[in-house]
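Student: Let me give you the structure first, and then I'll get to my questions.
The values are calculated or read from the model by the stated rules, or taken from the named source; none is laboratory data. Computed from a prediction, not measured in an experiment: that's the story for all the values here. Every residue, glycine as well, gets a Cβ built from its backbone with ideal geometry; the counts of neighbours run over all protein chains shown. The accessibility values were calculated without ligands, DNA or RNA, using every heavy atom of the protein model including side chains. Shrake-Rupley method; radii C 1.70, N 1.55, O 1.52, S 1.80 Å.
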Amino acid sequence: MEPLLSLDHIGKDYPRLKNAGSQLRNFLALLRGQGVADFYRALDDVTVNLRRGESLGIIGENGAGKSTLLKIIAGVIKPSRGSNVVRGRVSALLELGSGFHPEYTGLENIDLAAALLGLSADDLRDKREEIVAFADIGEHINQPIKHYSSGMVVRLGFAVATAVEPEILITDEVLAVGDESFQKKCIRWIEAFLADGGTLLLCSHSMYHIQKLCQQALWLHHGRQHMLGSSAEVTQEYLAYHEKKELAAKAEAATRPAQARAPQGAYSIVEFRVEDDGGTPLDSATYRGSFRATGTAYSDDGREPVVVVGLVRADGTPVYGVLSEMDGYRPIRIDAQHFRFAIRFHDLLTLPGKYAVRAHAMDPEALRLFDTWEIELAVVGDSREVGLCHLPHSWLES
Amino acid sequence: MLWRHRHLFANLYRREIRNRYVGSASGMFWALLHPLLLLGVYTFIFTLVFRPPELTGKHYLLFVAIGLWPWLAFQESLLRGTVAIQGYAGLIKKVAFPHELVIYSTVAATFTLHLAGYLLVLAVLWAVGQPLTATGLPLALGVWALLFLASSGLALFFSTIQVFLKDTEHILSPVMQILLYLAPILYPLTLVPPDLRVWVAANPFSYLVGRLREALEGGQALPVSADAWALLGTVVVLLAGRAFFLRMSPYFEDFV
């Protein structure tokens, strides 16, 4: 079957707009049929084929090119590179209420919005009541749009888009606005539309909606096609990516302070280092080798705190942690409120990879965790073992 | 191709007309009052202040009225058309539709209002006994149609330039003001010194107001060969303006 939509290596460049001189140059370049000289790539090398009845969710961070892609499919803009073929009646809701004039009533605005979506006056006569009923905004339909809430504008916009009976429905973050009951109504409508063989292109930050409404998902990253596949797979990867990114941001915030910082809370770590036996700071340690973690803990009331030191994987998964009191270790008092601690890990069994060394301060009763300090540590070495850490073992001969 | 979008054009056209008065009660009123005020001022200047002997005994008010409304329709449709693409930026960025409809609807709405004012004023002048004949009316409307097509072509051209070079509207406005005085609208061609006359006569507006006066004052009802040339020139302007517009319109979204 012929695909309903084929995008072949499409890309879109936007000119950087600066002074009048560059405007003139851009104008002349375009007139001569050349591209503009100074541009940025909003979208590059995206290839998608959709058959009738297949639905595509488009995900990605802000500025990843999602809206640009939808605009190309909707025919609002022409791609700078590649070819796009759309075989079907498209109804695009790129922005709810585009084409609405604030001074006109809802009913009056339906006319132009419907005409923009390609509905003739005759078609509209039959559909107008349907649209009004779907929007379900009561008496407001006779009020100027400027008095509407954004939710009501959305209702009206979606109602008009549904009346066109599209083969391809393009929506950009539409479900994010509007109250829950209307969202449900929209989703019910979309589900019925999909059941009838309609094709949906949905751009959303809600992975729930993407998974629920789309079989396929496209993940755009910095304007490029990062991943295309089943929506379950892509959304999971996307969520994992975000988790990792968040953790990285947190870890960075935790490791950013230099080697000393002001006490935070009743018990805290005010100094923390990862070093070799000679006292040189380390950012990597050798598999089956050793390293030291040393630091100073602060105690507001002068009582001896409990210190926790451990290793976590780069994604935050704890690998190993130990409390000083478990081993009967007592941090060494330096003054009334400060205690030194040092721990040596030898025969490091974690497999090569990215880790972080963490230190926490706890109250003397080891009941509450007060502070966290994290330092990144790579474990390097040659090992073809798989997993997280080496487990001592032996293969048996019999 | 455009016929398919006639409903959209009708909607945009209706909206353009309504936009002139929606939100301001006096909008429609001004559409008629502004030309009337201009007419009054020009009549005051040229019949009471300057009083050139060539104008004595002529119906100056009628003379100016015949040329003033077409000029205002031309000027206003060009100025409004030039900024129309920017004015519809919200739609152009979000909805796929032929951008040229915006220009046609803007020009058509302007012409509708001024033609209505024109017919109204001519009817009043006729009713008070000014020398007007109805036999030339179809020809006069034909001249208006030419003006409409030529204005559309120019508006397509200037609106395209405006998208890329935002100074266009600021340059165009005073230029239009100057052009009014260079065309024999407020004065007859016979008042222009003979060696300069050929330059003023070369202005397309000289032909245009001349034909309107021949039709409405002189009662001429039949086209002459100059009309064929005017038609040809108009079609060339329209097609060239449209070709230019269509060549550049795919890039509008990048620049508005």
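Student: Does residue B:238 count as within 14 Å of chain A (Cβ to nearest Cβ) and over 30 Å from residue B:190 (Cβ atoms)?
Tutor: In short, no.
Student: Okay, next question. May I ask you to verify whether residue B:47 is open to solvent by 10 Å² or more (accessible area, probe 1.4 Å) and outside any loop (DSSP other than H, G, I, E, B)?
Tutor: Spelling it out, residue B:47 is indeed open to solvent by 10 Å² or more (accessible area, probe 1.4 Å) and outside any loop (DSSP other than H, G, I, E, B).
Student: Here's a follow-up. Taking the options B:151, B:225, name whichever one is within 22 Å of residue B:116 (Cα to Cα) and more than 14 Å from every other protein chain (Cβ to nearest Cβ).
Tutor: The unique qualifying residue is B:151.
Student: Tell me, which strands (runs of 3 or more DSSP E) lie completely within region A:167-221 with 1 or more residues that are open to solvent by 40 Å² or more (accessible area, probe 1.4 Å)?
Tutor: Because the criterion is at least 1 residues that are open to solvent by 40 Å² or more (accessible area, probe 1.4 Å), the strands (runs of 3 or more DSSP E) in region A:167-221 that meet it are A:216-221.
Student: Hey, another quick one. Answer yes or no as to whether residue A:112 is under 18 Å from residue B:250 (Cα atoms), modelled with pLDDT of 85 or more and buried (at least 19 other Cβ atoms within 10 Å of the Cβ).
Tutor: no
Student: Still on this structure, please answer the following. Give the residues of region A:314-337 that are open to solvent by less than 50 Å² (accessible area, probe 1.4 Å) and not hydroxyl-bearing (Ser, Thr, Tyr), sorted by residue number.
Tutor: Across region A:314-337, the qualifying residues are A:316, A:319, A:321, A:322, A:323, A:331.
Student: Still on this structure, please answer the following. Do the conditions hold for residue B:182, that is, is it modelled with pLDDT of 95 or more and open to solvent by 60 Å² or more (accessible area, probe 1.4 Å)?
Tutor: No.
A quick yes/no check of all residues on (1) in a helix (DSSP H, G or I); (2) more than 17 Å from residue B:42 (Cβ to Cβ); (3) open to solvent by 30 Å² or more (accessible area, probe 1.4 Å):
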position: B:109; (1), (2), (3): yes, yes, no
position: B:118; (1), (2), (3): yes, no, no
position: B:135; (1), (2), (3): no, yes, yes
position: B:142; (1), (2), (3): yes, yes, yes
position: B:150; (1), (2), (3): yes, yes, no
position: B:155; (1), (2), (3): yes, yes, no
position: B:195; (1), (2), (3): yes, yes, yes
position: B:201; (1), (2), (3): yes, yes, yes
position: B:206; (1), (2), (3): yes, yes, no
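Student: Next up: State whether one or more residues within region A:328-339 are in a strand (DSSP E or B) and in contact with a helix residue (DSSP H, G or I) (Cβ under 8 Å, 6 or more places away or on another chain).
Tutor: Checked against the condition, which is being in a strand (DSSP E or B) and in contact with a helix residue (DSSP H, G or I) (Cβ under 8 Å, 6 or more places away or on another chain), region A:328-339 yields no hits at all.
Student: Right, here's the next one. Give the residues of region A:66-113 that are over 28 Å from the mean Cα position of the chain (by Cα), facing chain B (nearest Cβ under 10 Å) and in a loop (DSSP other than H, G, I, E, B), sorted by residue number.
Tutor: Listed by number, the residues that qualify are A:99, A:100, A:101, A:102, A:103, A:104.
Student: Testing residue B:76 on (1) away from every other protein chain (no Cβ under 14 Å); (2) within 16 Å of the chain's Cα centre (by Cα); (3) in contact (Cβ under 8 Å) with a residue 40 or more places away in the chain, one condition comes back false. Which one is that?
Tutor: (3)
Student: Right, another one. Only residues that are within 17 Å of residue A:294 (Cα to Cα) and open to solvent by less than 60 Å² (accessible area, probe 1.4 Å): list them for region A:338-352, please.
Tutor: A:338, A:339, A:341, A:342, A:343, A:345, A:348
Okay, residues lined up against (1) in contact (Cβ under 8 Å) with a residue 24 or more places away in the chain; (2) open to solvent by less than 30 Å² (accessible area, probe 1.4 Å); (3) touching a strand residue (DSSP E or B) at 6+ places or on another chain (Cβ under 7 Å); (4) not β-branched (Val, Ile, Thr):
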site: A:67; (1), (2), (3), (4): yes, no, yes, yes
site: A:73; (1), (2), (3), (4): yes, yes, yes, no
site: A:82; (1), (2), (3), (4): yes, no, yes, yes
site: A:87; (1), (2), (3), (4): yes, no, no, yes
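Student: Which of the residues that make up region A:13-44 are open to solvent by less than 50 Å² (accessible area, probe 1.4 Å) and within 9 Å of chain B (Cβ to nearest Cβ)?
Tutor: Matches in region A:13-44: A:13, A:14, A:15, A:23, A:26, A:27, A:30, A:36.
Student: If you don't mind, there's one more thing I want to ask. If residue B:60 satisfies all but one of (1) surrounded by 18 or more Cβ atoms within 10 Å (Cβ to Cβ); (2) at pLDDT 90 or above; (3) more than 14 Å from chain A (Cβ to nearest Cβ), what's the number of the condition it fails?
Tutor: (2)
Student: Looking at (1) open to solvent by 50 Å² or more (accessible area, probe 1.4 Å); (2) within 24 Å of residue B:126 (Cβ to Cβ), which one does residue B:219 not meet, given that it meets all the others?
Tutor: Failed condition: (1).
Student: Report whether or not residue B:62 is out of contact with any strand residue (DSSP E or B) (no Cβ under 6 Å at 6 or more places or on another chain), in a helix (DSSP H, G or I) and closer than 20 Å to residue B:189 by Cα.
Tutor: yes
Student: Mind listing whichever residues of region A:18-61 are without any contact (Cβ under 8 Å) to a residue 24 or more places away in the chain and aromatic (Phe, Trp, Tyr)?
Tutor: Once the filter is applied, which keeps residues that are without any contact (Cβ under 8 Å) to a residue 24 or more places away in the chain and aromatic (Phe, Trp, Tyr), region A:18-61 yields only A:27.
Student: Only residues that are touching a Gly at 6+ places or on another chain (Cβ under 9 Å) and more than 17 Å from residue A:271 (Cα to Cα): list them for region A:346-379, please.
Tutor: A:346, A:347, A:348, A:351, A:352, A:378, A:379
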